[in-house]
Amino acid sequence: MKIIIPELENPFVRAAIKEFPDVEFIPAENLDAAAEMLKNQEADSIISGIDYPSRDVAITFKNHLPLKSAFFSSSFICKKDDKILALADGGINKQPDAEKLYCIVEDTAETFKNYTKKQPKIAMLSYSTYGSGGKNPDLEKIHFVIEKIREKHPDYLIDGEMQLDAAINPRIAAKKTPNSPLGGDANILITPDLNSGNILYKSLEQFGGFICAGPIIQGFKMPLADLSRGSTVEDITLTIDIIKKQLERN
């Protein structure tokens, strides 16, 4: 198993890779060189971004690597003790339309399920719960996605639109969404846009004490990951672990 990390000499990266003696980590001169190496099957994956803006990483992947989904997206895997949440999209798509939002949900559920082996419980987050905020085109997109996921993936639990507290707090869910299949126990949080997704993930990390892996880049034919420039050793270690497990299942 070979993973390219262009910033292989970064001290945080050097500390993280010590946890994976069974993985060969390969340097690259820059992002473009890393993508060409992967395209030429010189490695199995790329993890990059601790010294590059996420925009540069995403554009490089888009320009060089083949997609398997209709769109590409990102998710964060956020872990605290035994609690694992997936959150999307906090890294790529600014204002996804209905079809792109569906793709984000589908690929994020796959990322979460592959890593945790748990049933996806997906909350479509909003300022509104079950229409409490009035009519809005953003809510119509959410309802479209819920209906389509229920049709295509009947083994997933999905509900919304709902506020964050109803998604993750059973006591509040019993009051706001008493008939929801999630019961305040969502493990996948889907935000309506990049602003809210990025703010929520950083809030979990900075205020909530979560270790946050990624963003995991989804929709390509090979496992890929970006890193935040603020990533810790623990964040990088978790990211490598997720990519490693994806490669083992391929």
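No lab work stands behind these numbers, since they all come straight from the coordinates. Since this is a predicted model, take the numbers as computed values, not measurements. Here the Cβ is made from the backbone with ideal geometry for all residues, glycine too, and neighbour counts use every protein chain on show.
Every residue, every condition in (1) of a type in the set (Lys, Arg); (2) farther than 18 Å from LEU227 by Cα; (3) touching a residue at least 24 places away in the same chain (Cβ under 8 Å), yes or no:
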position: GLU9; (1), (2), (3): no, no, no
position: ILE17; (1), (2), (3): no, no, yes
position: PHE25; (1), (2), (3): no, no, no
position: ILE47; (1), (2), (3): no, no, yes
position: LYS62; (1), (2), (3): yes, no, no
position: PHE72; (1), (2), (3): no, no, yes
position: PHE76; (1), (2), (3): no, no, yes
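For region 1-27, the set of residues classified as over 24 Å from the mean Cα position of the chain (by Cα) and assigned to a helix (DSSP H, G or I) consists of PRO11 only. Does region 139-161 hold any residues that are part of a helix (DSSP H, G or I) and buried (at least 17 other Cβ atoms within 10 Å of the Cβ), and which are they? If the condition is that a residue be part of a helix (DSSP H, G or I) and buried (at least 17 other Cβ atoms within 10 Å of the Cβ), then LEU139, LYS141, ILE142, VAL145, ILE146, LYS148, ILE149 are the ones that fit. Screening region 28-130 for helices (runs of 4 or more DSSP H) wholly inside it with 3 or more residues that are under 14 Å from the mean Cα position of the chain (by Cα) and surrounded by fewer than 23 Cβ atoms within 10 Å (Cβ to Cβ) returns the ranges 98-116.
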